[in-house]
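What follows is one structure encoded as structure tokens, with my remarks underneath.
Values quoted throughout were computed directly from the atomic coordinates according to the rules given, and no laboratory measurement underlies them. Because the structure is a prediction, the values reported are computed rather than measured. Here the Cβ is made from the backbone with ideal geometry for all residues, glycine too, and neighbour counts use every protein chain on show.
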Amino acid sequence: MNELEQLKKWLIGLVVLSVVVEASAASIFWYLEIWPIEKLRSSYEIVNFIGLRNEALKSLIEILKFLGLAFGGIVVILNTFYSAKRSEAFNKNAETALENTKIALENIKLAELKLNLDIQNLKTTKHEKLSERFIKAVEQLSSEKITICLGGIYSLEKIAEDSESSDYKSTVLEVLSSFVREASIQNPPTETENETALLKKSLHLRVDIQTALRAIGKILDKEIGCELTNINVGGAALKNLDFQTVSFAGANLRQSLFFNVNLRKAKFTGADLQGALFRDVNFNGADISLADFQQSVFVEVDLGDVQMIFTDIRGANLKGSKNLSLRDIKYAIGNQKTSLPSYLLEHKEEIYLSWAKNAEEWEQKLVDADIYRF
């Protein structure tokens with residue numbers, strides 16, 4: 001740009017110079033050619049004087065034209081050169097800007113690549129830390145001290161919460177399920193004598209097993225299943241949990257409390273739930289066939305579309321159940337101590353007959369099974 005500024009100054013100077021030169025030339029010509037004629041004005045006739053002066057003026061005009069053309073041509077040449085230089089400078093600037101843009105784009109690509117690498121490194125680091133935490137938590141589960149074991153359960157729950165991978169959640173659920181199954185066999189619920197309660201004995205579940213069950217119910221979601229078959233967790237208190245689609249087949253859940261629990265499409269085939277209390281529970285679509293619900297109480301419980309084939313509900317209180325169909329309840333085994341919901345009372349005799357028939361059929365199946373076994 002310094003060269004262009006210099007050319008610009010030359011153009012301005014040349015224009016000023018041309019004006020000065022033409023003015024000077026006009027002055028000199030006036031002084032040398034026209035002024036002497038003016039001084040001799042009285043010596044010539046008016047016609048001759050005017051003719052001489054006009055000739056002089058014409059000569060002056062021709063001289064000025066020549067000077068103007070000369071300087072004008074120089075100005076045009078310099079201006080053309082200046083324009084060419086400026087265009088060249090603009091082209092260089094455009095090329096420079098283009099190169100800078102390319103460099104900027106390359107820098108953006110490099111930054112994006114670095115960001116992806118940083119994210120990958122972060123994920124790797126996070127995965128490594130989760131693995132370390134997982135190994136430590138599993139070790140804590142095997143501790144004989146309840147406090148250390150509880151710490152391991154809480155750690156596993158937090159790992160499942162922090163992990164974005166469903167694989168980690170599935171692994172944590174498998175570990176906790178295995179812990180509940182093995183721990184409940186080694187440390188079954190304890191019995192306490194009740195003097196005034198309806199049930200003569202109440203069951204109490206060890207706190208670490210109870211905590212593991214609660215953690216499982218918190219971690220579970222629709223996409224991840226869980227098997228809690230054959231667990232011995234009588235007296236469990238399950239509140240505000242989600243066990244939908246979970247299998248409790250063959251489990252001992254006697255005298256357990258289910259409060260605000262989702263058991264939709266869960267499986268309780270052959271499970272023992274005698275004396276259990278269900279409040280605000282969703283059993284919709286669940287399979288409770290062959291399960292024992294004797295003396296259980298149902299309050300605000302959805303029993304829609306449940307499978308109740310040979311389900312033992314003798315002495316159970318079903319007054320608080322909802323959506324229980326006549327078809328489904330007729331597959332169960334009950335007695336006159338079974339409290340029916342009000343909307344099924346008009347079918348009571350029909351239901352009793354079905355229960356009696358089912359009881360006889362079930363007894364026969366048990367006899368046949370004993371004969372076959374021996």
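Numbers below:
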item	result
Among Val281, Gly270, Ala236 the positive-end extreme of the charge dipole of the stretch 215-307 (Cβ point charges)	Ala236
Nonlocal amide H pairs with Ala276, under 5 Å, H built at 1.01 Å	Gln255, Ser256, Ser296, Val297
Overall dimensions of the stretch 216-359 as given by Cα atoms, namely Rg and Dmax in Å	14.1, 45
The stretch 242-319, dipole about Cα centre (Lys/Arg Cβ +1, Asp/Glu Cβ -1), debye to the nearest 20	80 debye
When each of Lys265/Lys330; Lys267/Lys365; Lys239/Lys322; Lys218/Lys267; Lys239/Lys330 is checked by Cα-Cα distance, pairs over 28 Å	Lys239/Lys330
Placed amide H near Ala286: partners under 5 Å, 5+ positions off or other chain	Lys265, Ala266, Gln307
More than 21 angstrom apart: percent of Cα pairs within the stretch 280-368	20 percent
Karplus (6.51, -1.76, 1.60) ³J(HN,Hα), θ = phi - 60°, over the stretch 231-238, in Hz, Gly and Pro reported as x	7, 10, 10, x, x, 5, 10, 10
